[in-house]
1. Determine the dipole magnitude for the chain: charges of +1 sit on the beta-carbon of Lys and Arg, -1 on that of Asp and Glu, nothing else is charged, the reference point is the Cα centre, and the result goes in debye to the nearest 20.
2. Could you list V62, V300, V140 in order of exposure, starting from the residue whose Cβ has the fewest other Cβ atoms within 10 Å?
3. For region 134-164, which chymotrypsin sites (Phe, Trp or Tyr not before Pro) are both in a DSSP coil and crowded by at most 13 other Cβ atoms within 10 Å?
4. Under the rule a/c < 1.5 gives rounded, and otherwise a/b versus b/c splits prolate from oblate, where does region 1-132 land using the Cα gyration tensor?
5. In percent, what relative contact order does the chain have, based on Cα pairs under 8 Å that are 6 or more apart in sequence?
6. Using +1 at the Cβ of each Lys and Arg and -1 at the Cβ of each Asp and Glu in the chain, identify which of A157, A232, H187 lies farthest towards the dipole's positive end.
7. Which net charge results when you count Lys and Arg as +1 and Asp and Glu as -1 among the other residues whose beta-carbon is under 13 Å from that of H223?
8. Any idea how far apart W171 and V41 come out in nm if each label point goes 7 Å out from Cα toward Cβ?
Amino acid sequence: MDDLQFGKRNKRGDWTPTAVLEAAPLWVRPLNLGKILRWLVGYLWPWNTLYMALTLAYWYWVLPDVEVMQTVGWGWALRLYAVNAAAIFVLYGAFEYQLYVRRNQDYRFKYNGKFPADQPSDVFWFKSQNVDNFLRSFFVSIPLWTVVEVLFLWCFANGYVPWLSWSANPWYLAALLLLAPAIHEAHFFCIHRLIHTPLLYKWVHSIHHNSVNPTPWSSLSMHPVEAFLYHAVALWHLVLPSNPIVALFQLHMAGFGALNGHIGFDQVELTDGQAFESHAYAHYLHHKHFEVNYGGDQLVPLDVWFGTWHDGSPAGEARMQARFDKKRARLNPQ
Ligand SMILES: [Zn+2]
Ligand SMILES: [Zn+2]
């Protein structure tokens with residue numbers, strides 16, 4: 001595909017999309033029904049449908065019986081870790097392999113004009129972003145994802161929190177499922193904003209930000225504190241009346257869904273004329289500029305409300321620069 005029909009490339013080889021990022025149309029007045037319906041399709045397909053399919057697959061084939069989950073044990077915990085790690089290896093690995101190892105798409109739709117493998121750096125373990133990101137994902141973040149998973153399953157299995165049934169509460173649980181992406185975004189915005197405070201940034205979050213040019217392996221490359229807080233979004237379902245399937249979907253949107261912000265390409269080509277959207281641009285801009293877009297695609301427009309939204313346009317860039325200038329002036333008064 002010709003990516004220059006969808007955006008432009010600068011001298012450094014960085015590609016930017018022409019289309020400006022927009023908050024979910026539910027927040028735009030007057031409401032535009034056509035736009036909302038089109039947005040709704042993208043809301044469900046393909047990503048959230050994939051995370052739901054993975055949730056059902058886990059529910060029917062991976063999770064042990066309720067009696068087993070009533071007691072925390074290494075056996076089922078390690079099995080869950082193995083499945084989580086294998087699933088991430090396949091899903092993230094597929095994108096990594098196609099886009100970064102085989103470089104099937106070359107530089108088409110690639111935001112950053114360089115491939116991290118071509119740029120060794122001292123900030124990474126073994127000077128390699130790929131090795132560093134891979135090891136942190138599989139030996140730090142996925143174990144902590146599994147800890148959160150075991151914790152909420154154990155609570156549900158023992159009846160420590162309400163386990164609402166689908167037959168008695170179909171509409172409430174369906175609504176909670178539909179709201180799960182909003183819960184994810186609000187939770188992520190809050191913990192993300194927190195770990196951008198100077199001390200926590202230095203000790204915790206800077207590890208994730210070492211990857212200025214993220215690839216799929218960067219998605220879960222985190223300090224343990226961040227990895228736990230990030231996946232702890234599923235624990236909201238111990239506070240809200242819920243059901244373990246909904247909690248598991250919430251967890252999968254975090255664990256598997258972290259991929260979306262770190263694909264590094266705006267569109268992923270399937271054939272010469274067909275591609276699907278990665279939804280990566282808002283978070284790519286966060287990796288590039290640090291102090292913008294703490295949330296996601298503005299399903300809950302917290303960045304818009306707090307003035308930290310960068311929509312990818314020149315106007316968005318100017319707003320960000322003005323904010324940075326103001327901050328600098330405040331910190332270094334003449
Ligand atoms: Zn990131
Ligand atoms: Zn950040």
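Read the figures in this text as sums done on the coordinates, not as results from a lab. If you're wondering where the values come from, they're calculated on a predicted model, not measured in any experiment. We place every Cβ from the backbone using ideal geometry, glycine too, and count neighbours over all the protein chains shown.
1. 920 debye
2. Values: V62 16, V300 24, V140 19.
Ordered from fewest to most neighbouring Cβ atoms within 10 Å, V62, V300, V140 come out as V62, V140, V300.
3. Values: sites: F134, F138, F139, W145, F152, W154, F156, Y160, W163; in loops: Y160.
Listed in order of number, the matching sites are Y160.
4. Numbers: a/c = 2.75, a/b = 1.25, b/c = 2.21.
Note, shape of region 1-132 comes out oblate.
5. Here the relative contact order equals 22 percent.
6. H187
7. Working: positive: R136, K202; negative: D132, E226.
The answer is 0.
8. Distance between label points: 2.8 nm.
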